[in-house]
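For reference, the structure is listed below as structure tokens.
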Amino acid sequence: MATEPVPISGLARRLVDEGILDAEAAAKASEEARKQGAPFVSYLVQNGLAEPRAIAGSASEEFGVPLIDLSSFDLDSIPRDLVKDKLIRQHNALPLIRRGVRLFVAVSDPTNLQALDEIKFQTGVNTEPILVEEDKLSAVIEQFLSAQEDDGLGDLDDDALEDLDMEAFGEDTDDDDEGSNIDETPIVRFVNKMLLDAIKMGASDIHFEPYERSYRVRFRTDGILHEASHPPTNLGTRLAARLKVMSELDISERRLPQDGRIKMKLSKTRAIDFRVNTLPTLWGEKIVLRILDPSSAKMGIDALGFEEDQKELLMEALFRPQGMILVTGPTGSGKTVTLYTGLNILNTAERNISTAEDPVEINLDGINQVHVNYRVGLDFAKALRAFLRQDPDVVMVGEIRDLETAEIAIKAAQTGHLVLSTLHTNSAAETLTRLRNMGIPAFNLATSVDLIIAQRLARRLCNHCKSIIDVPKETLLAEGFTEDEIDTEFEVFEAKSDGCDKCNNGYKGRVGIYEVVKITPELSRIIMEDGNSIQLAEKAAEHGYNNLRRSGLQKVIQGVTSLAEANRKTTGH
């Protein structure tokens, strides 16, 4: 026996009459929306049953409500602090214009009378609906509420922000009276929100910065600083005090820099650490938090961006019983993540691994990590000497800064240990020259260093909004692409300047650009003959080792990054 169709009426009937939905789908959608307590229009859009624009057009004609294109509306004219954020989110309704005792409210479903009534009750003014497309309304509401929060402390009534589990590193201390006064709910919520927002955006650093007439919070995302918020200037002292209490720093000391640490537990299985540094400036204390996400050290070698031949060279060097692997590049080029990735590969029960770091950024279970402390005389050289008396298999030195550290590291590499370390140089060839200039004998360099990695971090193009550009062949040749590469007719992509809702100005995430050079007998001969960096670079190129520029162009050919970004990171090297 056939089931009788569910009767439909109103907007559902009109959508059927106009051929936007068939009768069965309209009836089923009406019934499911009713069961879920969801607006009919929202149900249709969220389940992809009809285009938002078509629904809005039909609804406008059915109910006689004016339809506007929200994308052309000036968001700055929207009345602020008139309707609570919670109410806007709950009903997906946004007040657009106030004219005397009338308030025009943007809705995607004109039958949502409860939203209009509650907004009228809160504001005390009559409400009239304006019809807009569902998807555009949701996007504009998010944009509007984010701007509201950035104006100051915002409408932060989410109790979860208050209850985040924050732990400071180090010994527990009792808060003094001044510290206890800092724990004000709006300040606590604002700071917690900034930390959470930074984590969600994938930021690496958070800057809290006081100035004479303003205060700003900036996030470093994909290597670029972006303004995130402008809290009132008079909150600067209280924000600094709150962060110092969380970091277990001396809140009464405002004349000297201080270092601390915070741990934020996001769940039972995930925690994020923040390295905190305060700096007295002309208008107050600037505080910078470095976000240390343990998951970044366990992302795996395939996620770093090495080409296949480069990865093979690195894996071969990692599994040699002795020798030295050097990772070079400027601050912020991802050297630490590369080293940690290598250590995680080597981290087995059969190996004794020790590291000397300044500071220890990420805790690695199963690895003996030492935080060098110059105040008590524990520097890299002294830590290295101690390691060599502790039966090590693998040793990692955070940075080779002086001749003493370099000599001990090379001695360790020559006596049966695998040594990993970093230097601040621009290329593999310059690394060898720098060590020679430090005073390391050429013979020791040639017999101890196995592999040198020079690296940079370039921003990845957003896969959702990147676009193809036409670049003349002459320009490609001038940039360094070969005739063979151009003949393959690869596509060159550029970033969309304003990005999309899934990225930051056309980029999302970063990828490594690498120069990986194995020290071959020919390169060793040049080192022994005291050759310069140009000779070393030329010989490395003859061996087929891509320099940073060539590796950057490879990422452009692959569509991973833009030519502009490759130029920004590799021009001149």
Area of residue 379 that stays accessible when all protein chains are in place (1.4 Å probe, Å², to 10): 50 Å²
Highest to lowest packing among 241-254, 277-290, 450-463, scored as the average C-beta count within 10 Å: 450-463, 241-254, 277-290
Radius of gyration and maximum dimension Dmax of the chain, Cα, Å: 29.8, 95
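Could you tell me the relative contact order of the chain? Use alpha-carbon pairs under 8 Å, at least six residues apart, and round to a whole percent.
Numbers: 971 pairs, mean separation 49.1, N = 573.
Result for the chain is 9 percent.
Only helical DSSP H runs with n ≥ 4 go in: add -39500 (n - 2.57) per run for the chain, normalise by residue count and round the 222 nm mean residue ellipticity to 500 deg cm²/dmol. Let's see the in-between values first.
Details: 23 runs with 223 residues, N = 573.
Theoretical 222 nm ellipticity from helices: -11500 deg cm²/dmol.
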Carbon + sulfur, % of accessible area of the chain - ligands and nucleic acids excluded, 1.4 Å: 47 percent
The range 313-339 versus the range 485-499: alpha-carbon centroid distance in Å: 31 Å
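Mind pulling the per residue volume of the convex hull built on the Cα atoms of the range 309-424? Å³ is fine.
Details: hull volume 12.1 nm³, N = 116.
Enclosed volume per residue, from the Cα hull, is 104 Å³.
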Equivalent ellipsoid dimensions for the range 465-557 as semi-axes, Å, which come from the Cα gyration tensor, largest first: 35, 17, 9
Net +/- balance of residues flanking residue 112 in space, Cβ distance below 12 Å, scoring K and R +1, D and E -1: -4
The range 378-446 pair-distance distribution - Cα-Cα, 5 Å bins, rounded %: 3, 17, 30, 27, 15, 7, 1
Unsatisfied cross-links (Cα-Cα over 28 Å) in the set 28/496; 28/508; 263/335; 136/200: 28/496; 28/508
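Taking a 24 Å limit on the Cα-Cα distance, which of the listed pairs 265/466; 286/502; 411/569; 86/193 fall beyond it?
Working: 265/466 35 Å; 286/502 30 Å; 411/569 34 Å; 86/193 16 Å.
Checking Cα-Cα distances, 265/466; 286/502; 411/569 exceed 24 Å.
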Long-range Cα-Cα pairs in the range 347-497 (distance over 24 Å), rounded percent: 52 percent
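Give me the Å³ per residue figure for the convex hull around the C-alpha atoms of the range 210-324. It would help to have the intermediate numbers written out before the result.
Values: hull volume 20.9 nm³, N = 115.
Hull volume over Cα atoms, normalised by residue count, gives 181 Å³.
From the C-alpha coordinates alone, can you work out the Kirkwood hydrodynamic radius of the range 508-551, in Å?
For the range 508-551, the Kirkwood estimate is 11.4 Å.
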Overall dimensions of the range 466-516 by Cα: Rg and Dmax, Å: 13.8, 37
Alpha carbon centroid spacing (whole Å) that separates the range 380-412 from the range 83-142: 66 Å
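The values are calculated or read from the model by the stated rules, or taken from the named source; none is laboratory data. Fair warning: this is a prediction, and the values are worked out from it, not measured in the lab. Please note: Cβ atoms are built from the backbone with ideal geometry, for glycine as well, and neighbour counts cover all protein chains shown. Calculation scope for accessible area: heavy atoms of the full protein, side chains included, ligands and nucleic acids excluded. Shrake-Rupley method; radii C 1.70, N 1.55, O 1.52, S 1.80 Å.
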